[in-house]
Amino acid sequence: MEHLKNEMKMEFLAISTNEGFARVAVGAFVAELNPTVDELADIKTAVSEAVTNCIIHGYEQKEGSVWIQCSIQGRQVEISVTDTGKGIRDIEKAREPLFTTKPELERSGMGFAFMEAFMDEVEVVSEPWKGTCVTMRKTIGEA
Amino acid sequence: MEYKFEKDYGCLMLKMPRELDHHAAEYIKEEADSLILQYPVRSLVFDFSDTQFMDSSGIGVIIGRCKNVRFSGGYVKAVNLNEQIQRVFQLSGLMKIIDVE
């Protein structure tokens, strides 16, 4: 297979209807790598978690936009999900499984744990009141 | 919304939607809780036969409803999980909390 290089960017309103749109759009973009059903499900779940975090935590279900940048480099997919919301005060704490700042909304605190489980690498950059950018990478067809 | 339920002799069967994410979760929680409140549920069954996708938002839906039903001595189980949903159940520890068929 020739060495693939591709990139896409999208911006959408931070509302819950767009969670499905975002994961399907990213799934369609990575389709050219012929991911397995499991790999595709992993990517869609990770994107869904990141976008849901922007909506619930970044903007606390108020107005805002979410940006997704997605690139393919060979067999590696890199996905960045960015918001300009309230940011994360303690990233290490936020990444702990079962930690949530919103138990009243029945949030399970498993968002970052899922991103980490389903992707190869997860990087979080955040600044209070500036926003958060989550970058995730996964190599397709490794096994 | 593709949301259905069946009631039969104290058993409430909740048909989960095609995609169980944060968007769907909000609606289901509300519907399920109002049913549980109106109806004496002895056993609650989450039916995932139509569900193709679930993320961590679904975990909150299940645990929350479990608490409500078990509080009054009820029993909870989940049925017809596809592979992706089984992985989500396993990773989150839901497998240890409720019976899966």
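Within the set B:Lys15/B:Lys67; A:Lys102/B:Lys67; A:Lys62/B:Lys77, which residue pairs have Cα atoms separated by over 28 Å? Over 28 Å apart, Cα to Cα: A:Lys62/B:Lys77. Taking the empirical scaling 2.2 N^0.38 Å for compact globular proteins as reference, region A:5-139 has a Cα radius of gyration ratio of 0.98. Of the residues A:Cys54, B:Cys11, A:Cys133, the one with the fewest other Cβ atoms within 10 Å heads the list, and the complete ranking is B:Cys11, A:Cys133, A:Cys54. The mean sequence distance of close C-alpha pairs (under 8 Å, at least 6 residues apart), as a share of the length of chain B, puts its relative contact order at 28 percent.
Compared with the alpha-carbon gap, the fully stretched path from B:Glu83 to B:Glu30 is longer by 16.4 nm at 0.36 nm per residue.
Estimated from helices alone, the mean residue ellipticity of chain B at 222 nm is -14000 deg cm²/dmol (sum of -39500 (n - 2.57) over DSSP H runs with n ≥ 4, per residue). Note on A:Glu121/A:Arg89: beta-carbon distance plugged into 1/(1 + (r/R0)^6) with R0 of 25 Å gives a FRET efficiency of 0.65. Stretching the chain fully between A:Phe12 and A:Glu63 yields a gain of 17.3 nm (0.36 nm per residue, less the alpha carbon separation).
Here the simple spin-label model places points 7 Å from the Cα toward Cβ, and for B:Arg70 and A:Asp38 these points are separated by 3.0 nm.
Across chain B, Cα-Cα pairs more than 18 Å apart make up 39 percent of the total.
In plain terms, the bigger the Kirkwood radius, the slower the diffusion; for the protein assembly as shown, with that radius from Cα pairs, at 4 °C and 1.567 mPa s, Stokes-Einstein puts D at 70 µm²/s.
Values quoted throughout were computed directly from the atomic coordinates according to the rules given, and no laboratory measurement underlies them. Since we're looking at a predicted model, the values are computed, not measured. Counting neighbours? That spans all protein chains shown, and the Cβs are built from the backbone with ideal geometry, glycine included.
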